[in-house]
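Asker: Okay, handing you the structure first.
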Amino acid sequence: MNTSTQTVSVPFAKGHGCANSFIVLPDPHGRFRLNEATICSLADPHTGVGADGILRAVRCAAEPEAAAMADRAEWFMDYRNADGTPGSMCGNGIRVLARYLVDTGRCTPGSFAIATRAGIRHVYVPDRSHGLRGTVTVAMGIPAFPGPDDITVTTSGGKSWPATHVDVGNPHAVVFVDALADAGDLSIPPAVEPAGAYPFGVTIEVAVVLGTDHLALRVHERGVGETRACGTGACAAVAAHRHHTGQSDAADYRVDLPGGTLHVSVAADGAMTLTGPAVITTVGTIRLPHAGETCD
Ligand SMILES: N[C@@H](CCC[C@H](N)C(=O)O)C(=O)O
C-alpha cells in the first residue's frame, strides 16, 4: 500500500458484461469512503479509468448497510452509477463482480450469494475448465409491476410511447417500438410522465420484438446515460413482453443489445435467471483521495 498525504494507491480491476463496463474496487474491510466527486472522476474516461459504474466489493460484516445479510452472503456489492448515485441492483455488475471474486480466489467457482441493496442474489460462475471468458449467471427473482398503467416515455426527438413499469430490484420503464432507431438520441434522458411515477429516477428500455422469444434493446440507464447493455433492463423487457402477450409458461429468451447478447430464462413461477459474458480486462492500481483509512 502506497500512501501520500493527498492520495492513496489501491488495487482495482476493470471488466464488463456485454460492454456494460465497471470498475471493481476491492475493499474487504470497508475502509473506503467514496464520495460523488471521486466516483464521477473515476468513471470519467478523461479523468479516471472510465466506466458505466463502480462496484465496491466489501464484506457484509464490514459494511453497516449490509451487516444484516452477513449470515447469508460474504460479499456486498456497493454499486454506484457513473454520476455517483447508489444503485440497488445491477444485473451485469453483479455478474462481473462474481467473476472478479472467483478470479481473485475470494470465492470458489460454482454457486454463491452476493448481497445487494435489493437483497441477496445467487450467482453461478463456471469453473476454469469452462474458460475464464465464459458466462456468469445470476438469479434475478420475480419481476414486479408496480404501475401506474398510464406511463408515457417521450424521447428527445419528440416521439412518445406508452411504457410498462417493471421492478427487478431497480426501476424500469419499458417501451416497445417498431425499430430501435425510432428512439433517436438516447444519450439525452427521455421524459417520463406522470412525473411522480419514479420519484428516484428510472432506467428506460426501448425494445423491439424480433420473435416470441427474441428481443432487441437499447437502454438509457438512470445515473449513466445510454449504455451498451443492461442486465436488469434485459429482464425488465422480457417481463414486459410476457406481461403484454399473456405468456406465463417457462421459457428462454434471447436479448440482443448494442454490446452483445444476454439470455433470460423464466421459470414457471416467473423467477428469472440472467446469463451472459462477464470478463475482467484490466487490473492495476489507481489513486484515490486519501480518506483517513486505506484498503488492503
Ligand atoms: N447496468 C445495470 C443497471 C445499473 C443500475 C441502474 N443504472 C440504476 O440506477 O438502477 C444492469 O446491468 O442491470
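Asker: Condition first: within 19 Å of the chain's Cα centre (by Cα) and free of Cβ contacts under 8 Å to residues at least 60 places away in the same chain. Can you find one or more residues in the range 224-241 that meet it?
Answerer: First, the residues of the range 224-241 that are within 19 Å of the chain's Cα centre (by Cα): 224-240.
If we keep only those that are free of Cβ contacts under 8 Å to residues at least 60 places away in the same chain too, we end up with 226, 238.
Yes, because at least one residue in the range 224-241 is within 19 Å of the chain's Cα centre (by Cα) and free of Cβ contacts under 8 Å to residues at least 60 places away in the same chain.
Asker: Let me spell it out: the conditions are (1) under 14 Å from the mean Cα position of the chain (by Cα); (2) under 19 Å from Val166 (Cα atoms), and Gly276 meets all of them except one. Which number is the exception?
Answerer: (2)
Asker: Related question: Hey, does the range 81-104 have a residue that's of a type in the set (Gly, Ala, Ser) and over 24 Å from Ala229 (Cα atoms)? Break it down into steps so the answer makes sense when it comes.
Answerer: If we filter the range 81-104 for residues that are of a type in the set (Gly, Ala, Ser), which is where we start, we get 82, 84, 87-88, 91, 93, 98.
After this cut, where a residue has to be over 24 Å from Ala229 (Cα atoms) as well, the list is none.
No, the conditions are met nowhere in the range 81-104.
Asker: Under 6 Å by Cβ, and 6 or more places apart or on different chains, what pairs join a residue from the range 62-74 that is in the same structural domain as Pro86 (by TED's automatic domain parsing) with one that is in a loop (DSSP other than H, G, I, E, B)?
Answerer: Ala62/His29; Ala62/Gly30; Glu63/Gly30
Asker: Would you check if there is a residue in the range 87-103 being within 13 Å of the ligand (Cβ to nearest atom) and surrounded by fewer than 23 Cβ atoms within 10 Å (Cβ to Cβ)?
Answerer: Yes, there is a match, as at least one residue in the range 87-103 is within 13 Å of the ligand (Cβ to nearest atom) and surrounded by fewer than 23 Cβ atoms within 10 Å (Cβ to Cβ).
Asker: For the range 17-55, give me the residue count where each residue is away from the ligand (no atom under 16 Å from the Cβ) and among the small types (Gly, Ala, Ser).
Answerer: 4
Each row is one residue, and each column tells you yes or no for (1) hydroxyl-bearing (Ser, Thr, Tyr); (2) surrounded by 18 or more Cβ atoms within 10 Å (Cβ to Cβ); (3) touching a helix residue (DSSP H, G or I) at 6+ places or on another chain (Cβ under 8 Å); (4) on the phi > 0 side of the Ramachandran plot.
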residue: Thr108; (1), (2), (3), (4): yes, no, yes, no
residue: Ile114; (1), (2), (3), (4): no, yes, yes, no
residue: Ala118; (1), (2), (3), (4): no, yes, no, no
residue: Pro126; (1), (2), (3), (4): no, no, no, no
residue: Ile142; (1), (2), (3), (4): no, no, no, no
residue: Val153; (1), (2), (3), (4): no, yes, no, no
residue: Trp161; (1), (2), (3), (4): no, yes, no, no
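Asker: I'm trying to understand the selection: among the residues of the range 206-241, which are more than 18 Å from Ser265 (Cα to Cα) and either out of contact with any helix residue (DSSP H, G or I) (no Cβ under 7 Å at 6 or more places or on another chain) or assigned by TED's automatic domain parsing to the domain that holds Ala82 (or both)?
Answerer: Matches in the range 206-241: His220, Glu221, Arg222, Gly223, Val224, Gly225, Glu226, Thr227, Arg228.
The values are calculated or read from the model by the stated rules, or taken from the named source; none is laboratory data. Bear in mind the structure is a predicted one, so any value in this text is a computation, not a measurement. In this analysis, Cβ positions are derived from the backbone assuming ideal geometry, glycine residues included, and neighbour counts consider all displayed protein chains.
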